[in-house]
Amino acid sequence: MIKLLSVSALVLLFSNPALAIDYQEHDGMLMDHGDGHLMDMAGGMVMGQNANTLPGGCDSISDTREITVHAGHQYAEKFPGRMFAFDTQEFNFKPCTKLTVHFVNEDKIRHQWMMHGLPKYLYPKGMFHLEITGPAKISGTLILPPGDKTYLVHCDIAQHMEKGMKAQLKVGKGDGDLPSIPGLTANTFADDYNIKLPGLISLAESEEKAAAEAPVAQPVVKAAAPVAAEEPAFFSGITIIGLAIGLLMAPFLAKKYQGMSASEAIAYSFEVLRAGIDAIVGLFSSLIKLVYKDKTLPGN
Ligand SMILES: [Cu+2]
């Protein structure tokens, strides 16, 4: 019974946040700031709102459409390496369509549905733009221009497009495809997710081997040689001499230090060190005398 209760408690605990998501509705709260720019106190924003003015070349509204676009992390899960996405990557409408977009941001961060390339005489900066901090919904309306053209739709928050929040909207037949649209067009910079770690390691090793075996241009070798020579070896000659002296002295010193206090031991160490240096200096000076004995200049 207790087990059953705890299981139900766990189920409740983990299912509750999913049930509790309450989308804030911004459509009734927006204030019109003119030029199609609408904002509300909760951070919702619409730019390029146009429900009435026909773009040049449109005799009438050809079609009236309403779409709901979801945005969020979960829509990127099917796209390897991507973090954010819309639930739709391609939209298609007739020229001169009156389009209402209901934008649902499911993440607890800010996202945009921003369309570029619209005629600037009608849309400030050529943009139609919905923006909201989620979870929330916001809606806007525009009238699409005439002609066949492909428009970029993306989220302009830093790195969100690069991480996958990118789509294309084709009016009429469009005029081509945009790159790096998740699941639709090839990445501008391709990633390879099929290769496994051991594969990557052997690839790196074979590249290293190939680089080592490859004939290198002569000047590069010449320039690199002195640098390589200056690099200290892990065990230099001095280190080995030091280690040898240390090992030889260790039993002798251990015996000497027995029963000494710390200060006595330090004082004694300095005494030994001084004696050692004296001995080495003496050795060197006698060596120098020996070497230069026969090389005295004539007349001296
Ligand atoms: Cu975003």
Kindly provide the set of residues from segment 21-35 that are surrounded by 14 or more Cβ atoms within 10 Å (Cβ to Cβ) and touching a Leu at 6+ places or on another chain (Cβ under 8 Å), ordered by number. Leu30
Identify all residues within segment 104-115 that are surrounded by 16 or more Cβ atoms within 10 Å (Cβ to Cβ) and either more than 15 Å from the ligand (Cβ to nearest atom) or among the charged types (D, E, K, R) (or both); write none if there are none. Glu106, Asp107, Arg110
Candidates Ser180, Ser139 - the one that is out of contact with any helix residue (DSSP H, G or I) (no Cβ under 7 Å at 6 or more places or on another chain) and either among the acidic types (Asp, Glu) or crowded, with 18+ Cβ neighbours inside 10 Å (or both): Ser139
Name the single residue, out of those in segment 151-175 being touching a residue at least 24 places away in the same chain (Cβ under 8 Å) and charged (D, E, K, R), that is farthest from the ligand (Cβ to nearest atom). Lys173
Within segment 47-70, track down each residue that is closer than 21 Å to Tyr121 by Cα and within 16 Å of the ligand (Cβ to nearest atom). Met47
Residue check: is Glu90 among the acidic types (Asp, Glu), assigned by TED's automatic domain parsing to the domain that holds His26 and farther than 29 Å from Ile61 by Cα? no
Can you name every residue in segment 149-171 that is buried (at least 19 other Cβ atoms within 10 Å of the Cβ) and small (Gly, Ala, Ser)? Gly164, Ala167
Kindly provide the set of residues from segment 142-171 that are touching a Lys or Arg at 6+ places or on another chain (Cβ under 7 Å), closer than 17 Å to Gly117 by Cβ and not charged (D, E, K, R), ordered by number. Ile143, Thr150, His154, Val171
Looking at this structure, is Pro146 touching a residue at least 12 places away in the same chain (Cβ under 8 Å) and either surrounded by 14 or more Cβ atoms within 10 Å (Cβ to Cβ) or within 14 Å of the ligand (Cβ to nearest atom) (or both)? yes
All-but-one check, Glu207 against (1) within 28 Å of the chain's Cα centre (by Cα); (2) loosely packed, with under 10 Cβ neighbours inside 10 Å, failing number (2)
Determine whether Arg82 is surrounded by fewer than 22 Cβ atoms within 10 Å (Cβ to Cβ), over 20 Å from Gly176 (Cα atoms) and modelled with pLDDT under 95. yes
Odd one out for Met41 among (1) closer than 23 Å to Tyr23 by Cβ; (2) in contact (Cβ under 8 Å) with a residue 24 or more places away in the chain; (3) more than 13 Å from the ligand (Cβ to nearest atom): (2)
Checking Phe84 against (1) away from the ligand (no atom under 16 Å from the Cβ); (2) closer than 13 Å to His160 by Cα, the condition it does not meet: (1)
When segment 71-81 is checked residue by residue, the ones that are of a type in the set (A, V, I, L, M, F, W, C) and away from the ligand (no atom under 14 Å from the Cβ) are Phe79
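The values are calculated or read from the model by the stated rules, or taken from the named source; none is laboratory data. Nothing here was measured: the structure is a model prediction, and the numbers come from that model. FYI the Cβ positions are ideal-geometry reconstructions off the backbone, even for glycines, and counts take in every protein chain you see.
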